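Have a look at the structure below, then the notes.
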Amino acid sequence: MFDLSAANAIALTAHHLRFTVRAETPIAFHDFKGSALRGALTTCLRRTFCPEWRADKTDAMHRALCPICQLLSVEGDEETSGDVRRPYALEPPLTPQDRFAPDETFTFGLTLFGDKLAYLPYLVLAVRGMGEAGVGQRTGDGERGRFRLEQIDAVNPLTGATRSMLAPGAAIVQNHLLPVTHEHVLATCAALAAKLADQENRLTLHMLTPVRLTEDDHTAKTPAFFPLVKHVVRRVLDLSAQHAGGRPDVVLKRDLYPYADAVQLLENHTRWWDVAGYSGRLGRTQQLGGLVGAATYATPDWRPLLPWLVWGELVHVGKNIVKGCGWYQLERNQGV
């Protein structure tokens, strides 16, 4: 078994930022807010910071030097080992509210992975710019709803720690980051493993946004554990290789598959959310649908799998992660 407790077993870090914004004009979203937020973000990044954003194709020299082209580089299937993984993920508002009146607030998150902190100022400025340009559906006057950036917090989702980077009314963003490291992941796993051992080793996973996985060229419509954890591990390994200095020496058939095969699905309370969004890159509607809800699993020993599952909470899994899909959380207080 690959020893995930060894020092620097996974060198990946995650920098989670939580943005609080206040509507200045009415804002209307479709059911899934992630697609609209990500579209506004990338549009602002390209128009503001990339001098060749209107070009159909940019040359290799430009792509090598332009941070925006690197940040928004076209990736593959987002599920196959070896894909180019974008170094960020979006966490859309989970509230069912899809219309915001002037002076109402909402929050969303952006997570930057690995050693790509040079992109951070661009993301912060882009959030401010997308509020000025407008987000969501166009209203009767043809304009999208505008907001102003009110607050930025750095958050460690595993420890609950929070640091203010931009306080309400402040003008300067402070470099008060809270990187999530592998040591935080292992501490979380130790506490969770102790609870699971006392509770019949039942682990519940909550899919907060659509989780869309493919297995053997078919879209998974049930929350089978094996493909879920396999895609999580591949994503963590690829992010480590591309954005954290190197790929850990993991052999899936030896270090993962025997333990994943032993996991049983006990309860399935998921449903398929058939949602779509518009892809500017593809120039057409894109299917974003996936599983949402809760699934409960059990296995004699969770310890070899928990570090991967906790990392999966941070990096997300499946397709359309940059649009906010694939976000799940493990239930910390398990019931028997």
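We did not get these values from a lab; they are worked out from the coordinates using the rules stated. Please read all numbers here as calculations on a predicted model, not as lab measurements. Cβ coordinates were reconstructed from backbone atoms using ideal geometry, including for glycine residues, and neighbour counts include every protein chain displayed.
Going by amide H atoms built from the backbone, whose H comes under 5 Å of the H on H269, apart from near neighbours?
A294, A295, T296
By count of other Cβ within 10 Å, fewest leading, how are W311, W273 ordered?
With the fewest neighbours first, W311, W273 line up as W273, W311.
Please give every one of the lysines within straight-line cross-link reach of K323, meaning a C-alpha to C-alpha distance under 26 Å, and leave out same-chain neighbours fewer than 8 residues apart.
Cross-link targets: K33, K57, K116, K221, K230.
Shape of the chain from its Cα gyration tensor (a ≥ b ≥ c, root eigenvalues): rounded if a/c is under 1.5, otherwise prolate when a/b > b/c, or oblate?
Since a/c reaches 1.5 and a/b is larger than b/c, the shape of the chain is classed as prolate.
About its Cα centre, how strong a charge dipole does segment 182-330 have in debye, to the nearest 20, once Lys and Arg get +1 and Asp and Glu get -1 at the Cβ?
Dipole of segment 182-330, to the nearest 20 debye: 520 debye.
Identify, among P248, F106, G131, the residue whose Cα sits farthest towards the positive end of the charge dipole of the chain, taking +1 on the Cβ of Lys and Arg and -1 on the Cβ of Asp and Glu, with the dipole about the Cα centre.
The one lying farthest along the dipole's positive direction is G131.
In degrees, nearest 10, range 0 to 90: what is the angle between the Cα axis of helix 33-49 and the longest Cα principal axis of the chain?
On a 0 to 90 degree scale, this one is about 60.
Would you please classify the overall shape of segment 14-166 from the alpha carbon gyration tensor, given that a ≥ b ≥ c denote the square roots of the eigenvalues, rounded means a/c under 1.5, and beyond that prolate means a/b larger than b/c while oblate covers the rest?
oblate
Find the cysteines in the chain that fail to meet the 4.7 Å Cβ criterion with every other cysteine, and list them.
Cysteines of the chain left without a disulfide-compatible partner: C44, C50, C189, C325.
Assuming 0.36 nm per residue, please report the length gained on full extension of the stretch D98 to A170 beyond their Cα-Cα distance.
This chain segment gains 23.1 nm when fully extended.
Based on other C-beta atoms within 10 Å, arrange S164, S240 from fewest to most.
S164, S240
Provide the FRET efficiency to the nearest 0.05 for the R47-A118 pair, computing r from the beta carbons and using R0 = 25 Å.
The pair R47/A118 has a calculated efficiency of 0.80.
Given labels modelled 7 Å from the Cα in the Cβ direction, how far is it in nm from A191 to H269?
Modelled inter-label distance: 2.3 nm.
Which is farthest toward the positive dipole end of the chain among G293, H15, P168, measuring Cα position about the Cα centre, with Cβ charges +1 (Lys, Arg) and -1 (Asp, Glu)?
Farthest along the dipole direction, towards plus: P168.
Describe numerically, in nm with one decimal, the distance between label points set 7 Å from Cα along Cα→Cβ at T139 and at H62.
3.6
Arrange L123, L265, L288 by Cβ neighbour counts within 10 Å, fewest through most, would you?
Fewest-to-most Cβ neighbours within 10 Å comes out as L265, L123, L288.
Assign unit charges at the C-beta atoms only (+1 for Lys and Arg, -1 for Asp and Glu), then state the dipole size of the chain relative to its Cα centre in Debye, rounded to the nearest 20.
Result for the chain is approximately 700 debye, rounded to the nearest 20.
Among P92, C44, V155, flag the residue with its Cα farthest along the positive direction of the charge dipole of segment 14-166, charges on Cβ as +1 for Lys/Arg and -1 for Asp/Glu.
Of the listed residues, the answer is C44.
So for segment 154-214, averaging the separation of alpha carbon pairs under 8 Å that are six or more residues apart and normalising by length, what relative contact order in percent results?
Across segment 154-214, relative contact order equals 24 percent.
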